[in-house]
Amino acid sequence: MQNLTLLDGQKFQITLQRLCHQLIENHNDFSNSVILGIQPRGISLSKRIAGELKQIIPNAHIKSGILDITFYRDDFRRGDHPLVPSSTEIDFIIEGKKVILIDDVLWTGRTIRAAMDAILAFGRPEKVELLVLVDRRYSRHLPIEPNYIGIKVDSMSSQKVVVSWEETDGEDKIVLVSESV
């Protein structure tokens, strides 16, 4: 396997800060906005984004939660084993709010479609935006595009994008993994 580091160290942190500043430009004090991290891999990014936002605008009350989409996916019945859902942690109503969905990697768009279905259980939002750390541009199954992008990656289906987090993996890093020929 060949690994190509796409982002790490200081550039990783700068990318997160840029995303936060873009959110602030569009959501001001977040009084009518909420952040939802998509289980499982969007949670680390959403927690990091929410933490950075609180440092930049300490007086803002930023509502954030975690969204499980297990049973909203169109492929959840296709596996050989029963699925074990993760938890959804949303202690607020999203009716009329601007929802910022957060995931680490956007590839086919199917996860985001499932998340949009899942959020309707919590009300009808005024607007839904998407923030992703990595946009894998050329393999969409659905016409979904992010509003906020950390980096764009042109990759083949045989490649994999792996995001590592300081809190869980010991370092902040994005790696493109390719099968060696």
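The values are calculated or read from the model by the stated rules, or taken from the named source; none is laboratory data. From a predicted model like this one, the values you see are computed outputs, not experimental measurements. Neighbour counts run over all protein chains shown; Cβ positions are idealised from the backbone, glycine included. Note: areas computed on protein heavy atoms with side chains; ligands, DNA, RNA excluded. Shrake-Rupley method; radii C 1.70, N 1.55, O 1.52, S 1.80 Å.
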Per the C-alpha gyration tensor (a ≥ b ≥ c, the square roots of its eigenvalues), segment 8-72 is rounded if a/c is under 1.5, else prolate if a/b beats b/c, else oblate; here it's oblate
Determine the sum of side-chain charges near ILE14: Lys and Arg each +1, Asp and Glu each -1, restricted to other residues whose C-beta is under 12 angstrom from that of ILE14. -1
Placing each pseudo-label 7 Å from Cα in the direction of the beta carbon, LYS11 and LYS152 end up separated by a distance in nanometres of 1.7 nm
Size of the dipole of the chain about the Cα centre, Lys and Arg at +1 and Asp and Glu at -1 on the beta carbon, nothing else charged, in debye to 20? 360 debye
Packing-ranked peptide list from 93-106, 143-156, highest mean Cβ count within 10 angstrom first, is 93-106, 143-156
Please work out the average accessible area per residue across the chain, using the 1.4 Å probe convention, and give it in Å². 55 Å²
Cα gyration tensor shape for the chain, rounded if a/c is under 1.5, else prolate or oblate: oblate
Dimensionless Rg over Rh [segment 120-181; C-alpha; Kirkwood]: 1.07
Segment 1-74, dipole about Cα centre (Lys/Arg Cβ +1, Asp/Glu Cβ -1), debye to the nearest 20: 140 debye
Here is the link list: LYS127/LYS173; LYS54/LYS160; LYS54/LYS97; LYS11/LYS127. Which ones come out longer than 28 Å on Cα distance? LYS127/LYS173; LYS54/LYS160; LYS11/LYS127
Pull up the cross-link candidates among the aspartates and glutamates for LYS152, meaning alpha carbon to alpha carbon under 20 Å and not fewer than 8 places away within one chain. ASP8, ASP103, ASP104, GLU129, ASP135, ASP172
Place the peptides 9-15, 118-124 in order of packing, highest mean first, counting for every residue the other Cβ atoms within 10 Å and averaging per peptide. 118-124, 9-15
Dipole check, the chain, charges on Cβ (K,R +1; D,E -1), about Cα centroid: among HIS141, PHE92, MET116 the Cα furthest to the positive pole belongs to HIS141
